[in-house]
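One structure is given below, encoded as structure tokens.
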Amino acid sequence: MTQVYNSSKTGIHNYQPSMDHEPPFRETYKTLLHNSSLGESKEENHFMVEECDLPLIDLSQLNVERDKYCIKQIAQATREWGFFQVVNHGVSQEVLKILKNEQMKVFHLPFQKKTEDNFLNLSANSYRWGNSNATSLSQVPWSEALHLSLADISRMDECKSTLRSTIEAFVTVSASLAQSLAEILSQILGIKSTYFQENCPPNTSYLRLNRYPPCPFPYKAFGLMPHTDSSFLTILYQDHVGGLQLMKDGKWFRVKPNPQALVINIGDLFQALSNDVFKSIKHRVVSSEEVERFSVAYFYCPSNNAVIQSCCSTKRLLPAVYRHFSFREYQQQVRKDVEATGDKVGLSRFLL
């Protein structure tokens with residue numbers, strides 16, 4: 001079965017879907033699927049978890065008379081949940097609608113084309129799926145993604161100009177929003193206001209376009225395994241399908257999707273920087289058996305040489321929890337752990 005499309009400088013048109021776009025999960029992970037079936041009696045039901053409404057913050061309150069109340073809301077949500085949602089965030093619904101449509105067109109290209117060298121004129125390994133280091137099915141993300149540096153976006157194939165311009169519109173607002181939120185949180189910690197301007201130049205963050213195909217084994221494989229983010233902050237837009245779950249107080253909760261909102265979560269670097277005041281919360285994606293899901297995430301990251309140093313509160317006489325480390329060192333350790341075990345270990349590697 002083939003796809004029918006006409007390319008032009010404004011994108012792909014007359015799109016008709018086919019099934020040759022799906023990554024070969026069953027064939028590639030045949031052994032892990034077999035091994036999983038032998039011990040399925042004690043599987044966790046990923047769908048029988050309580051739904052939660054994340055704290056919802058109206059950013060139009062910033063820089064007006066309710067400024068202090070809004071900042072207090074952000075601080076409380078960050079301490080208690082590590083996650084919150086924002087509305088009036090500056091990304092128009094039209095941009096979000098176009099971005100999802102363009103994602104769909106790209107991910108529905110034939111799988112063979114997506115795995116070609118220089119796909120969309122992007123860097124090597126920009127297109128990702130599955131986990132070649134997985135030792136069990138629970139370590140296989142039943143998803144595919146385009147992981148883009150900001151330099152990748154500017155080089156994107158001209159025939160995908162609609163995708164590129166829409167991504168640029170999303171990134172422009174996300175970058176400004178991430179810096180503003182980071183500076184608000186740095187004030188709460190007593191960190192100098194220029195910290196993020198000095199350590200997070202515009203070209204060091206990343207964008208990830210995600211597609212979660214229908215999964216025939218939703219109780220056996222995650223769309224995205226439980227993990228924390230290796231960033232300061234992550235800004236996420238998810239569609240109406242849902243599937244995002246987070247852990248709070250030792251329990252998993254499913255996040256009710258809100259198409260009007262962006263989801264914000266604290267990453268590992270902010271937890272370390274805050275000396276555990278703010279928490280990088282474990283989260284996962286549970287795939288649907290019947291429908292595909294799309295999301296886009298902006299990861300607010302520093303330069304590789306930026307040093308993460310836990311701020312210590314002299315008022316509370318709290319010693320530093322983590323040793324100093326650079327972002328490069330953190331990334332190298334994460335890669336090393338994933339290659340060795342199939343899983344990320346994270347901040348515990350940097351405890352004093």
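Read-outs throughout are calculated quantities, based only on the coordinates presented, and are distinct from any laboratory measurement. Everything numeric here is computed off the predicted structure, so don't read it as measured data. Virtual Cβ from ideal backbone geometry, glycine too; neighbours counted across all protein chains shown.
If the limit is 23 Å between Cα atoms, which of 72/251; 72/192; 100/160 go over it?
Correct reply: 72/251.
Once the convex hull of the C-alpha atoms of the chain is built, how many Å³ does it hold per residue, rounded to a whole number?
143 Å³
Based solely on its DSSP helices, what 222 nm [θ] is calculated for the chain when runs of n ≥ 4 H residues each add -39,500 (n - 2.57) and the sum is averaged over all residues, nearest 500 deg cm²/dmol?
Taking each H run of at least 4 residues, the total per residue is -9000 deg cm²/dmol.
How long is region 176-275 along each principal axis, judged by its Cα atoms, biggest number first, in Å?
Over region 176-275, Cα extents along the principal axes are 49, 30, 23 Å.
Please state the relative contact order of region 199-352 as a whole percent: Cα pairs under 8 Å, 6+ residues apart?
Relative contact order here is 30 percent.
When every alpha-carbon pair in region 116-265 is counted, what percent end up more than 24 Å apart?
45 percent
Quick one: what do you get for region 28-185 if you divide its Cα Rg by 2.2 N^0.38 Å?
Against the empirical 2.2 N^0.38 Å value, I get 1.36 for region 28-185.
Sort 148-160, 283-295 by the packing proxy (mean of other Cβ within 10 Å over each peptide's residues), most packed first.
283-295, 148-160
Based on the alpha-carbon gyration tensor of region 244-312 and its eigenvalue square roots a ≥ b ≥ c, which shape applies: rounded if a/c is under 1.5, prolate if not and a/b is larger than b/c, or oblate?
prolate
Please express the shape of region 207-261 as an equivalent ellipsoid: the semi-axes are the square roots of 5 times the eigenvalues of the C-alpha gyration tensor, given largest first in whole angstrom.
On the way: eigenvalues 65, 52, 37 Å².
In descending order the semi-axes read 18, 16, 14 Å.
Over the Cα atoms of region 152-222, how large are the radius of gyration and the largest Cα-Cα distance (Dmax), in Å?
17.5, 50
Relative contact order of the chain: what whole-number percent is it, with Cα pairs under 8 angstrom and at least 6 residues apart?
On the way: 667 pairs, mean separation 68.7, N = 352.
This gives 20 percent for the chain.
Over every pair of different alpha-carbon atoms in region 81-155, take the mean of 1/r and invert it; report that Kirkwood radius in Å.
Result for region 81-155, one decimal place: 15.0 Å.
Tell me the label-point distance for the pair residue 113, residue 352, using the 7 Å Cα-to-Cβ offset, in nm and rounded to one decimal.
Going from the residue 113 label point to the residue 352 one covers 5.5 nm.
Hey, got the dipole for region 47-177? About the Cα centre, +1 on K and R Cβ, -1 on D and E Cβ, debye to the nearest 20? Let's see the in-between values first.
Details: 13 positive and 16 negative charges, 33 e Å.
Charge dipole, region 47-177, about its Cα centre: 160 debye, nearest 20.
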